[in-house]
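To keep things clear, I will list the structure first and then write my remarks on it.
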Amino acid sequence: MTALVAVAHGSRDPRSAATVHALLDVVRALAPSLDVRGSFLDLSVPLLGDVLRGVAADGHRSAVVVPLLLGKAFHARVDVPSAVAEARLPSLDVTIADVLGPDPRLESAALRRLASVGVRSRDRSLGVVLAGAGSSHAPANALVASIAARWAAGSGWAGVEP
C-alpha cells in the first residue's frame, strides 16, 4: 500500500498542528484503508523526514507526500523536496504531489468563510485584506495579488488589498 504523508509548514502555535491533525482525521474517515500520516517542515513535530523513515520502517514501498501549502513558493519548491532527499530512503519510492492552491475551491471556501462571519457583497463600507505569508518568489506574491484583484472586481466592497 502507498502511504499518504501530508506535510504542513508548522507553527509555534499549537492550534496550527491541531488543525492539520483534524484535517487528516477527516481524510482517514473518508478513506479508512489508507495509511494517512501528518508531518511538518519546521516548528512542529513530527518532521517530514522522521515520518518518511517511519513509513519505510513499517514496510511501505511507496509514499505520496502532499504539501498542505497554498502556493508554489520556497517551501514547496525547495524545502519539501530537500526534506525528502535528506531522508535518504532508497527503498521508498516517494512522489511529491502538487500544492493545494491556487484552486477555485479554496477561493470559494474563503469567500464562504467571510460570508459566514457576516461579510456581504456590495458593502461599499467594507475593505478586505487578503493576507499571504509573502515570498521571495515573485509569482507566489503575484498570485495573492491576482486573487485580491478578482475579489475587488466582483465583490462591490470598498477594496481588497493583498
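The values are calculated or read from the model by the stated rules, or taken from the named source; none is laboratory data. Source: prediction; values computed, not measured. FYI the Cβ positions are ideal-geometry reconstructions off the backbone, even for glycines, and counts take in every protein chain you see. Heads up: the accessible areas ignore ligands, DNA and RNA and are worked out on the full protein's heavy atoms, side chains in. Shrake-Rupley method; radii C 1.70, N 1.55, O 1.52, S 1.80 Å.
Results, tabulated for the structure shown:
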item	result
Residue in the stretch 14-25 that is more than 26 Å from Ala131 (Cβ to Cβ) and outside any helix (DSSP H, G or I) present	no
Those residues of the stretch 83-110 which are over 23 Å from Ala142 (Cβ atoms), assigned to a helix (DSSP H, G or I) and either open to solvent by 40 Å² or more (accessible area, probe 1.4 Å) or in contact (Cβ under 8 Å) with a residue 60 or more places away in the chain (or both), in sequence order	Ala83, Ala85, Glu86
Selection status of Arg113, surrounded by 14 or more Cβ atoms within 10 Å (Cβ to Cβ), in a helix (DSSP H, G or I) and out of contact with any Asp or Glu (no Cβ under 9 Å at 6 or more places or on another chain)	no
Qualifying residues in the stretch 53-81 (those that are assigned to a helix (DSSP H, G or I) and touching a Ser or Thr at 6+ places or on another chain (Cβ under 8 Å)) - the one nearest to Glu107 (Cα to Cα)	Phe74
Enumeration of residues in the stretch 116-126 that are open to solvent by 90 Å² or more (accessible area, probe 1.4 Å) and either among the charged types (D, E, K, R) or part of a helix (DSSP H, G or I) (or both)	Arg120, Arg122, Arg124
